1. If a/c stays under 1.5 just call it rounded; otherwise compare a/b with b/c (prolate if a/b is bigger, oblate if not). Do that for the stretch 86-127, with a ≥ b ≥ c from the square roots of the Cα gyration tensor eigenvalues.
2. Working from the pairwise distances between different alpha carbons, so that the mean of 1/r is found and then inverted, what is the chain's Kirkwood radius in Å?
3. Between Lys92 and Thr60, with labels modelled 7 Å along Cα→Cβ, what's the label distance in nm to one decimal, could you check?
4. Using the Cα centre as the reference, give the magnitude of the dipole from point charges on the C-beta atoms of the chain (Lys, Arg: +1; Asp, Glu: -1; all else neutral), rounded to the nearest 20 debye.
5. Please tell me the relative contact order of the chain in percent, rounded to the nearest whole number, where contacts are Cα pairs under 8 Å and at least six residues apart.
6. What is the spin-label model distance, in nm, from Asp111 to Ala17 if the labels are put 7 Å beyond Cα along the C-beta direction?
7. Under 10 Å, Cα contacts only: if you run a Gaussian network model on the chain, which one of Glu32, Glu23, Glu80 comes out with the highest mean-square fluctuation?
8. Can you find, among Leu120, Phe6, Tyr46, the residue farthest towards the positive end of the dipole of the chain? Put +1 on the C-beta of Lys and Arg, -1 on that of Asp and Glu.
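No value in this document is a laboratory result; all are computed from the given coordinates. Note that the structure is predicted; figures quoted are calculated from it, not measured. Here Cβ is always computed from backbone atoms with ideal geometry, including for glycine, and neighbour counts include all displayed protein chains.
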Amino acid sequence: MKVVYFSVTGQTKRFAAKLNAYETIEIDPTAELEMKDPYVLVVPTYEAEFIAPVFDFLETGENQKFLAGVSGSGNRNFAELFVFSAKEIAKKYGVPLIYAFEFSGTKEDVDNFEEEVRELERKTTMVRAQQ
Ligand SMILES: Cc1cc2nc3c(=O)[nH]c(=O)nc-3n(C[C@H](O)[C@H](O)[C@H](O)COP(=O)(O)O)c2cc1C
């Protein structure tokens, strides 16, 4: 499983840099990125216009098909709006919100996120075996 992320002010990028177990790929607004294998998406939380490259990415090639889950970086001061972008993507594309954290995440967030990705890999493999 790969981890695809987008970052506006660098927090999500710093989180991605702390991951050990998974290859990370940053969404570059100036380049097209097409996935060929299942991946997890990590997005910061903003009004849609700020994260437009994420929606463009999700509408590219087979990127929707390979989206296995989504994770959100946010700020709990936003209360009920905490990680709403990741929640909206999860709902729109019918995938689980596997983990939510603040800013660039703590060591515990990194461990928990990697565990959730492993769990998702197990489920994805099981679904494929049943097909
Ligand atoms: C203008 C602005 C609006 C934000 N709105 C929200 C929000 O509604 N909910 C939330 O959880 N975090 C919100 N945040 C916090 C960011 O999503 C959070 O700091 C995130 O870690 C930023 O990631 P990035 O540095 O990778 O862009 C907002 C931040 C800014 C600057």
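1. On the way: a/c = 4.70, a/b = 1.20, b/c = 3.90.
Note, shape of the stretch 86-127 comes out oblate.
2. Working: mean 1/r = 0.0681 Å⁻¹.
Computed over Cα pairs of the chain, the Kirkwood hydrodynamic radius comes out at 14.7 Å.
3. Using points 7 Å along Cα→Cβ, the separation is 1.6 nm.
4. Numbers: 15 positive and 22 negative charges, 66 e Å.
Computed about the Cα centre, the dipole is about 320 debye.
5. On the way: 217 pairs, mean separation 32.1, N = 131.
Value for the chain: 25 percent.
6. 2.3 nm
7. Glu80
8. Working it through, the farthest residue towards the positive pole turns out to be Leu120.
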